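Engineer: The structure follows.
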Amino acid sequence: MSGQPRPELSVVLPMYNEEGVAVLALDEIRKQLAQLGASFEILCVDDGSADGTLAAVMAAAAADPRVQPVVLSRNYGKEAALAAGMSCARGAAVLLMDSDLQHPPELIPELVARWRSGFDVVNAVKTDRGKEGPLYRSMAWTFNRLMGSSANASFHGASDFKLLDRQVVDALESLPEKTRFFRGLVAWVGFRTTEVGFQVAPRAGGTTKWSTLELMRYSLRNLISFSEFPLKLVAAIGFSTLLFAGVVAIQTLYRYLTGTAFTGFTTVILLQLALGGLLLASVGVVALYLAQLYAEVKGRPTFIVRREREQTRVDQPSHEALGRRSTIPAPPAPSEPPRDSRREPPRLPPPPPPRVVGGGGRGAGG
């Protein structure tokens with residue numbers, strides 16, 4: 001990979017259980033890229049698929065070296081798959097799109113033309129959301145409004161169908177957070193941006209992997225990770241409740257002094273229940289942010305790419321190797337030196353004769 005020339009365009013396709021549409025998507029995308037006359041690579045990010053998606057991608061990669069599989073170690077989610085694709089992309093521009101053909105490949109030439117004209121970010125914006133239920137539409141509208149206010153940008157009709165210049169990709173890669181909201185981060189980094197409208201096409205095959213519960217969890221996670229709005233909302237409700245409590249306290253004191261105070265505990269009980277619920281909800285919001293902070297502090301990677309094992313095998317030593325080993329002389333065992341060569345212990349001189357002190361005056365004084 002490092003020795004190959006950098007392509008002009010990298011296409012990132014996150015895939016999760018897309019066996020029925022993976023080959024068709026690759027064919028349609030390559031057909032549009034061939035009209036551009038530019039070098040390209042297609043990165044198929046397998047996000048832990050449990051069907052034959054990986055086998056289909058491997059077969060396409062074997063037939064076309066421009067198709068590059070990126071296999072994640074498990075299912076990390078779409079945001080992680082997009083991050084993995086961008087980290088492996090080598091092109092001067094990176095195109096990110098869904099692999100179910102709901103992002104029309106026919107729009108690729110227009111996106112590339114806008115990029116070549118000098119724009120750094122080309123957003124494909126939904127002009128028609130296709131067949132969506134009223135609940136999904138209302139949730140999408142609320143989510144886009146909240147996220148747009150946090151990013152100080154318009155998220156109306158926003159999608160993950162984007163073409164990014166290399167400097168934009170490098171800026172996104174330099175951001176340190178682990179929990180990522182791709183659309184929000186692209187809006188946050190800025191650069192010269194333009195939009196191209198498109199209509200959401202029906203899926204070319206398979207079924208959607210998003211349930212209502214998963215969409216709600218996805219929205220909540222991105223809202224907590226990218227926006228301070230829930231915390232600001234809790235603070236605003238808290239100050240409003242404090243103001244309301246002050247008004248009620250003045251009114252209660254006035255009625256008490258004038259002898260018209262309410263009797264019974266109904267009002268007190270209702271106020272206690274309301275304030276207790278508000279306090280628990282506020283603590284819950286703070287707990288969500290604390291959990292997000294805890295996940296960031298742990299510093300775990302956003303994704304892990306699975307590598308193919310090297311085809312190595314631990315064999316028994318060959319006969320030739322054994323022969324080579326047998327020719328190496330073993331170190332000689334220590335042997336006793338000859339008896340005559342032993343050094344005898346040194347002989348000590350004989351002790352001196354005893355010395356007589358006194359008793360010899362008889363011969364001298366004769």
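The values are calculated or read from the model by the stated rules, or taken from the named source; none is laboratory data. Only a predicted model underlies this, so the values are computations on that prediction, with no experimental measurement involved. Quick reminder, even Gly has a Cβ in these numbers, built from the backbone with ideal geometry, and neighbours come from all protein chains shown. Ligands, DNA and RNA are stripped out before the accessible areas are found, and what is left, the full protein with its side chains, is counted by its heavy atoms. Shrake-Rupley method; radii C 1.70, N 1.55, O 1.52, S 1.80 Å.
Engineer: If the requirement is being among the hydrophobic types (A, V, I, L, M, F, W, C) and more than 17 Å from LEU164 (Cβ to Cβ), which of these qualifies: VAL11, VAL21, VAL45?
Structural biologist: Numbers: VAL11 fails: more than 17 Å from LEU164 (Cβ to Cβ); VAL45 fails: more than 17 Å from LEU164 (Cβ to Cβ).
VAL21 is the lone residue from the list that is among the hydrophobic types (A, V, I, L, M, F, W, C) and more than 17 Å from LEU164 (Cβ to Cβ).
Engineer: Is it the case, given these coordinates, that LEU163 is within 14 Å of MET86 (Cα to Cα), aliphatic (A, V, I, L, M), modelled with pLDDT of 85 or more and not in a helix (DSSP H, G or I)?
Structural biologist: Yes; evaluated as a whole, the condition is true for this residue.
Engineer: If only one of LEU96, LEU101 is touching a Gly at 6+ places or on another chain (Cβ under 9 Å), at positive phi and either at pLDDT below 85 or of a type in the set (A, V, I, L, M) (or both), which one is it?
Structural biologist: On the way: LEU96 fails: at positive phi.
After applying the criteria, what remains is LEU101.
Engineer: In the stretch 166-203, how many residues are part of a loop (DSSP other than H, G, I, E, B), open to solvent by 40 Å² or more (accessible area, probe 1.4 Å) and either modelled with pLDDT of 85 or more or touching a strand residue (DSSP E or B) at 6+ places or on another chain (Cβ under 8 Å) (or both)?
Structural biologist: Result for the stretch 166-203: 2.
Engineer: Give just the number: which of (1) at pLDDT 65 or above; (2) surrounded by 10 or more Cβ atoms within 10 Å (Cβ to Cβ); (3) not in a loop (DSSP other than H, G, I, E, B) does THR302 not satisfy?
Structural biologist: (3)
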